[in-house]
């Protein structure tokens, strides 16, 4: 198990190196000049030259790349061109906010998605089931920014139940978390339903029923644990992306997270921050994937077996 | 059912009632975060505004654009226009309790010019005698910057330059506590009407009033600036009552027209224009440039698309900065435009490209211009790019046409004429307009003290530039602010850093 874990981490190194190279190249391919984001509308040519020197933008690109990689290996991600703040500080300042939003969003997604999926699977084909599946389809199809704005307008402005946007206490996280989690919830509902339906037709369920177990016990004790696999799968695919920031949700709700940090940096050509956030996102993805793989093993003994066979 | 759901949600999540209004806090919004609190890097509007809340300058602008005393209780300019003498107030304290002294002023100004600071704002102070040497690192003191005694600072310039006094009201020339200059990007060290409480990046900036402010402390105890990047979000917050003051985007004016809020309008010191690259064909031809101006029906656009919240531009300067009001130079005259096109050798029409920065709120306006131009045979393709790409392209002189605006930093015609039309500026970063007569008159305006002669030269320069048509002159816009009914004493200003929210009140209405 530990060896498997270490192997997975080692496999991540070329991935991360690839991310570094690609972001670095993209930065120099896209048009735009970071220095122009730093000066106002009035500036002297000498100022431009001084800033370029200071940021080493006049050096040949390969030298800049070597310097950048060298610095990363020493744990130095550089400083923002715009604020002068170390990139790592900016990311660490935002990450707890992003993490919090991601966790609550995933909590909502699992709670709503699994519950609806289960309800739906009780009587497939019923009006309730169809209603839920239509809702789920709508949830998957609805664009995030639209859902966000509707929630702001309806819950925040018209009903005034919750503050429309902002950052602070518990009341502020509900709407952005719902917005962010909605698509996962819809996806989970469908996945849970189909998993349940498949499981419910299995022999051991029939056995359980024929033992005379009450239906709720069959459902919760024998069928339900199987839904953990889809849940973990969705967490694996979506949670990593939540952790790397939800640009739209964060922008609509004024949530100070990684997504907005990255977006602002891109608009201002703040190279060190772009590189830092992209690399950070990649690391988050890799870590999440490894964790999910491990969780599969914990939950499903068959997967664990296969792996130990291979090794 | 709805109520039950509400109770359920609220009790489950311990959420408080959102309708409570905090009468001790004034809440406003910015669409993006600031760069920090260091005046040396205050290059954007928002950072500049925040610096003006936290710091004092020698002089500043009041809400009506008058230059008024700040840390200097009075000042004088020598007859040759080269020596400025400032008498400093001796009762101003920085937020940490230190007294503001002449040394702080000198250290603050030298810090901007210090090559180690790498401030992009050196242009504000580099006309002081010896500043260039200091900027090169050749001297350890700026020769023209001296303290005569405990309350007098003298600044000498190499050549007379009348806008200089207005430069001293800009954010970058704010006075910083010389003992606390270490972490200015995060920890301000000023003496202004507001003290910083907390800065949550991309979230909000919180201030508490400076109770000892020498000019009288703000009426409201706290100021909260929320960073909300979406227009929709801002308007939702305002409608929910959680924002006190809201700047209405032009596109939303109609929506807010009949709502029950207090409305304040301000005529901005700005101009919207289409820059034409004057250094190469086809727009190096003045007839074509004039045709571009005659071909468009600006009045209709203002009336219909801008909801009347703009005034027609006579030239490049807004009317507030002109001593006499010139006639509109280019009326809507498509027939004249066609004649001029023929004269320019484009009787068969021409094709060209106009670039615009992506987030431009008034994109539909461009489509109206496009169709007016097409009607006389000028086919303009509109290309959008993001702001940075746009700025880079304009600086490099790439686009034939570009749509842009200019907002004044200080209320002086010079602030339009020099940065936009002097060949030294235009050739290196704008539309490559170069005209020796225009250069000469602008240089004269920069040297003359503010008198009637200077005023009439400004009018003359405005007309001269209008006639040479380096731009398609469009309009000067108004900004509409809405305030909640519990807000009093708010009046907007055309000067970006004049608003310090000192007189604003928040009371149960």
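Read-outs throughout are calculated quantities, based only on the coordinates presented, and are distinct from any laboratory measurement. Since the model is a prediction, treat every value here as computed from it, not as a measurement. Backbone-built Cβ (ideal geometry, glycine too); neighbour counts: all protein chains shown.
Shielding by partners for peptide B:231-243, expressed as the average number of C-beta atoms from other protein chains within 10 Å of each residue's C-beta, is 6. Here the Gaussian network model covers chain A, with springs between Cα atoms less than 10 Å apart; of A:190, A:130, A:206, A:206 fluctuates the most. Across the range B:270-477, C-alpha contacts under 8 Å between residues 6 or more apart give a mean separation that, scaled by the residue count, equals a relative contact order of 38 percent. Rg then Dmax, both in Å and based on the Cα atoms of the range B:54-173: 13.8, 42.
In terms of the mean number of neighbouring beta-carbon atoms within 10 Å, the peptides B:243-253, B:377-387 order highest first as B:243-253, B:377-387. Kirkwood radius, the protein assembly as shown, all distinct C-alpha pairs, inverse of mean reciprocal distance: 30.1 Å.
Put simply, when A:132-144, B:294-306 are sorted by average Cβ atoms within 10 angstrom per residue, most first, you get B:294-306, A:132-144.
Inter-chain Cβ neighbour count for B:183-191, averaged per residue, equals 1 (cutoff 10 Å, partner chain atoms only). Taking a ≥ b ≥ c as the square roots of the eigenvalues of the Cα gyration tensor of the range B:270-477, is the shape rounded (a/c under 1.5), prolate (a/b larger than b/c) or oblate? Judged from the Cα gyration tensor, the range B:270-477 comes out rounded (a/c under 1.5).
Each of the peptides B:38-47, A:18-27, B:389-398 was scored by the mean count of other Cβ atoms within 10 Å over its residues; in descending order, highest first, they stand as B:38-47, B:389-398, A:18-27. Taking the DSSP bridge list for the range B:270-477 and keeping only pairs wholly inside it, about 60 percent are antiparallel. Which of rounded, prolate, oblate describes chain A, given a ≥ b ≥ c as roots of the alpha-carbon gyration tensor eigenvalues and a/c under 1.5 marking rounded, otherwise prolate only if a/b is larger than b/c? Oblate shape, in that a/c is at least 1.5 and b/c is the bigger or equal ratio.
Per residue of peptide A:28-39, the mean number of Cβ atoms on other chains within 10 Å of the residue Cβ is 5.
For the range B:50-90 versus the range B:424-502, the inter-centroid distance based on Cα atoms is 21 Å. For chain B, adding -39500 (n - 2.57) for each run of n ≥ 4 DSSP H residues and dividing by the number of residues yields -8500 deg cm²/dmol at 222 nm. Please label the shape of the range B:223-279 as rounded, prolate or oblate, based on the square roots a ≥ b ≥ c of the eigenvalues of the alpha-carbon gyration tensor (a/c under 1.5 means rounded; beyond that, a/b larger than b/c means prolate, else oblate). Note, shape of the range B:223-279 comes out prolate.
Mean separation of Cα pairs under 8 Å and 6 or more residues apart, divided by the residue count, gives chain A a relative contact order of 24 percent.
Sorted from longest to shortest, the spans of the Cα atoms of chain B along the three principal axes equal 76, 70, 38 Å. Compute the acute angle (0 to 90°) between the alpha-carbon long axis of helix A:258-267 and the principal axis of greatest extent of the alpha-carbon atoms of chain A; round to the nearest 10°. The helix A:258-267 is inclined about 40 degrees to chain A. Relative to one another, the C-alpha centroids of the range B:259-311 and the range A:98-127 are positioned 53 Å apart.
Any chance you could check the Cα centroid distance between the range B:321-337 and the range A:165-229 for me, in angstrom? The two parts, judged by their Cα centres, are 70 Å apart. The mean sequence separation of alpha-carbon pairs under 8 Å and at least six residues apart, normalised by the residue count of chain B, gives a relative contact order of 20 percent.
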